1. Among the residues of the stretch 56-71, are any among the polar types (S, T, N, Q), open to solvent by less than 30 Å² (accessible area, probe 1.4 Å) and outside any helix (DSSP H, G or I)?
2. What do you reckon, is THR45 of a type outside the set (Lys, Arg) and at pLDDT below 95?
3. Just the residues that are within 16 Å of THR84 (Cβ to Cβ), open to solvent by 70 Å² or more (accessible area, probe 1.4 Å) and among the β-branched types (Val, Ile, Thr), please, taken from the stretch 1-55.
4. Please verify whether ALA59 is under 10 Å from the mean Cα position of the chain (by Cα) and at pLDDT 95 or above, treating the condition exactly as stated.
Amino acid sequence: MEMMMIISMGLGGIMFAVGGAGPKWVRRFLLPVCLGIIALISGNTWYLCLAMTLCLIGALCLPYGERTSYPLKTLVFMAIFGSTAWLGF
């Protein structure tokens with residue numbers, strides 16, 4: 001389980017950096033799919049992993065750049081982190 005956390009944090013950092021500097025699809029689509037696969041390997045049921053993956057794809061497509069207001073940024077980041085609630089606490 002700890003190894004899966006280390007892998008997911010490493011993937012998140014790498015794919016956010018790649019998606020920020022180049023192709024956005026890496027961060028918006030590939031990262032959620034990889035995290036969904038990691039959640040599935042970790043023993044979660046497939047439909048919860050699928051729900052988390054789809055919610056994370058939707059949340060990562062929302063705007064959070066410099067032109068976005070702070071209240072909207074707050075909601076976007078709540079959606080990003082809240083998408084993992086499908087897996088439980």
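1. Yes, the stretch 56-71 has at least one match.
2. Numbers: of a type outside the set (Lys, Arg): yes; at pLDDT below 95: no.
Here the answer is no, as THR45 does not meet what is asked.
3. ILE7, ILE37, ILE41
4. Working: under 10 Å from the mean Cα position of the chain (by Cα): yes; at pLDDT 95 or above: yes.
Answer is yes for this residue.
The values are calculated or read from the model by the stated rules, or taken from the named source; none is laboratory data. For clarity, every value in this text was computed on a predicted model and none was experimentally measured. Positions of Cβ are backbone-derived with ideal geometry, glycine not excepted, and every protein chain shown enters the neighbour counts. Keep in mind that these areas ignore ligands, DNA and RNA; they rest on the heavy atoms of the full protein, side chains included. Shrake-Rupley method; radii C 1.70, N 1.55, O 1.52, S 1.80 Å.
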